[in-house]
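Notes follow the structure.
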Amino acid sequence: MAPYELMATDGSIHLEERSGKPSHERLKFIAKNFRYSVWLNPKLEIEWPYTRTIGIIREILPMYELTLDGLDKAVKYMMTKN
């Protein structure tokens, strides 16, 4: 995700999706209202420290790789939230 998509007001690349709020605020809303949510990242975990927006999203939502192993970990995480 590009920094402007996450941080800028109306940062969406789609005109019809502009809400007046930055995307990171929308992610906080999702995390607050959906306790069983995670972020599946297509980037390998070894690359995460080098991208600012990944760090910001990780502060909001638990993050897992979009791999079979990552999906397994994400499901286990959400199942233990009970």
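Quick notes on this structure:
- Residues of the stretch 35-65 that are within 15 Å of H24 (Cα to Cα), open to solvent by less than 40 Å² (accessible area, probe 1.4 Å) and of a type in the set (A, V, I, L, M, F, W, C): V38, I54, I56, I57, I60, L61, M63.
- Within the stretch 47-77, restricting attention to residues that are part of a loop (DSSP other than H, G, I, E, B) and hydroxyl-bearing (S, T, Y), the residue that is nearest to S37 (Cα to Cα) is T67.
The values are calculated or read from the model by the stated rules, or taken from the named source; none is laboratory data. Remember, predicted model here, so these are calculated numbers, not experimental data. Each accessible area value is taken on the protein alone, full model and side chains, heavy atoms only, with ligands, DNA and RNA left out. Shrake-Rupley method; radii C 1.70, N 1.55, O 1.52, S 1.80 Å.
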